[in-house]
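Below is one structure, written out as structure tokens; the observations come after it.
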Ligand SMILES: C[S@@+](CC[C@H](N)C(=O)[O-])C[C@H]1O[C@@H](n2cnc3c(N)ncnc32)[C@H](O)[C@@H]1O
């Protein structure tokens, strides 16, 4: 049976910060579960519940944790469904068939044989996305093949492999050089010696490249990613085939131990986790996974009650701020705009059709993080952090509150302060079309603020009805603009 997640609008449900009255599908967190979840080819499945008008339906179901499209994984099982022995056996056989053809150790052996080949024999099949040994050439006759694969190419697999861009599974959007370089410089400046790269293959390869060429930045990196193609390029201690939505290591205990050793090296000192999950992914299962990785790191600490936290950079769109902070209250969002090579819309500054909404969430104090002044970031002495140039300090909130640079701020300021009513409506339509996430997320907050302000106004009216008329239209508009910008 096919999982109905897509029809139920799972992604849309996640995008909303306020779930009350919303419809869609929500995940049931593991602490609420009494029985272990059935397995699909991507490890333990997640339990979901359909929500209609804010009410949970009674029948819950299991579906794949990693694939948000049933075309990629069609696992579906009602929570209370009993399966026959025959169906269970068929499922196990299917799960086995879906696993990669080579074990992790076989991949490493192949890699070692490949790098010993003379340059003229090193080939890569673009159709099969595979490094080829001479004995395999015949099977790939007629395929598009890259020859003379150099050591430099082997060190940059994200340039040799094509990115898996399907939004509902991998969503493999690779950092632009600007962002990658910024992240690496930041890791060096903050003194980190190890980076656990969860779903950041390009960052991983650049950290390793820099470490091999520059003795001053000797950062080690371990990549955890669901994209098995990367296992052709790395030894066991630098890549684990991993599902970040259920903390599943496809190569079992051996891989889990690689990760544990990496996190606990030097008693856990000098390590950071950097993650850039697919944006369509649900925040809850990701948070559960990251807490498991944090716990693994903590086990290696000398004292149990050590208040230190595992430093984390979680890269995700800004409109997930409230969801992320719900799970990690110590996190704050940096103004830095993360941009991607292969995402036309999410670019930095004015080159993309939209400015990138992707930001860095972190538990590192923002006062320690210097954003590049040459790209238009400035230091706010009142907030003690770097912010984007357009993010003006608001004297009412006493902070630099804007989330999305100048465009929305400009549009909303214009909307409420300058133009006449008819044009305001047209401008509102424009903002709604260009920035749908902004509108969806801030609608509820605006309503609440509006209600509060109405209440306050009523109270003021009761006591000072004479003064009421003296409030000018312009002032009211300013207040509304302020609410809009600060919500
Ligand atoms: C938005 S891309 C981030 C890539 C990053 N910007 C970089 O350039 O290094 C998401 C990454 O997460 C990986 N990924 C997707 N689903 C995953 C899952 N369930 N578990 C682990 N990794 C996953 C993808 O293969 C991809 O590498």
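The values are calculated or read from the model by the stated rules, or taken from the named source; none is laboratory data. All values derive from a computational prediction rather than experimental measurement. Here the Cβ positions follow ideal geometry from the backbone for every residue, glycine too, while neighbour counts run over all protein chains shown.
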**Request:** Quick one: count up the residues across segment 186-196 that are part of a helix (DSSP H, G or I), touching a strand residue (DSSP E or B) at 6+ places or on another chain (Cβ under 9 Å) and either at pLDDT below 95 or more than 18 Å from residue 223 (Cα to Cα) (or both).
**Result:** 1
**Request:** Return a yes/no flag: does segment 155-175 have any residue that is more than 22 Å from the chain's Cα centre (by Cα), surrounded by fewer than 14 Cβ atoms within 10 Å (Cβ to Cβ), more than 14 Å from the ligand (Cβ to nearest atom) and at pLDDT 95 or above.
**Result:** no
**Complete:** Within segment 340-357, residues being modelled with pLDDT of 80 or more, surrounded by fewer than 22 Cβ atoms within 10 Å (Cβ to Cβ) and touching a strand residue (DSSP E or B) at 6+ places or on another chain (Cβ under 8 Å) number 2
**Prompt:** Which of the residues spanning segment 248-267 are buried (at least 19 other Cβ atoms within 10 Å of the Cβ) and under 16 Å from residue 219 (Cβ atoms)?
**Reply:** 262, 263
**Item:** Pair list, Cβ under 6 Å, 6 or more apart: segment 105-129 residue at positive phi, other residue part of a helix (DSSP H, G or I)
**Value:** 129/229
**Request:** Out of the residues in segment 371-401 that are in contact with a helix residue (DSSP H, G or I) (Cβ under 7 Å, 6 or more places away or on another chain) and outside any loop (DSSP other than H, G, I, E, B), state the one that is surrounded by the fewest Cβ atoms within 10 Å (Cβ to Cβ).
**Result:** 394
**Asked** How many residues are part of a loop (DSSP other than H, G, I, E, B), more than 22 Å from residue 164 (Cα to Cα) and within 16 Å of the ligand (Cβ to nearest atom) when one looks only at segment 197-220?
**Response** 1
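Among residues belonging to segment 226-238 that are assigned to a loop (DSSP other than H, G, I, E, B) and within 13 Å of the ligand (Cβ to nearest atom), point out the one that is nearest to residue 115 (Cα to Cα).
Step by step, filter segment 226-238, then rank; the result is 227.
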**Asked** Looking at residue 270, is it surrounded by 15 or more Cβ atoms within 10 Å (Cβ to Cβ), farther than 21 Å from residue 327 by Cα, assigned by TED's automatic domain parsing to the domain that holds residue 191 and at pLDDT 95 or above?
**Response** yes
**Fill in**
Residues of segment 273-309 being more than 19 Å from residue 227 (Cβ to Cβ), surrounded by 21 or more Cβ atoms within 10 Å (Cβ to Cβ) and at pLDDT below 95, in sequence order, are 282
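Taking residue 133 as the residue in question, decide whether it is under 19 Å from residue 106 (Cβ atoms), modelled with pLDDT of 95 or more and under 38 Å from the mean Cα position of the chain (by Cα).
On the way: under 19 Å from residue 106 (Cβ atoms): yes; modelled with pLDDT of 95 or more: yes; under 38 Å from the mean Cα position of the chain (by Cα): yes.
The answer is yes for residue 133.
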**Item:** Extreme residue, nearest to the ligand (Cβ to nearest atom), among residues of segment 319-330 that are within 24 Å of residue 389 (Cα to Cα) and surrounded by fewer than 19 Cβ atoms within 10 Å (Cβ to Cβ)
**Value:** 321
**Request:** Hey, can you tell me all the residues within segment 230-247 that are buried (at least 20 other Cβ atoms within 10 Å of the Cβ) and more than 16 Å from the chain's Cα centre (by Cα)?
**Result:** 230, 231, 232, 233, 234, 239, 240, 241
**Asked** Going by the conditions given, is residue 256 assigned by TED's automatic domain parsing to the domain that holds residue 279 and touching a helix residue (DSSP H, G or I) at 6+ places or on another chain (Cβ under 8 Å)?
**Response** no
**Message:** Quick check on this structure: which one of 223, 183 is touching a helix residue (DSSP H, G or I) at 6+ places or on another chain (Cβ under 7 Å), outside any strand (DSSP E or B), within 16 Å of the ligand (Cβ to nearest atom) and assigned by TED's automatic domain parsing to the domain that holds residue 336?
**Reply:** 183
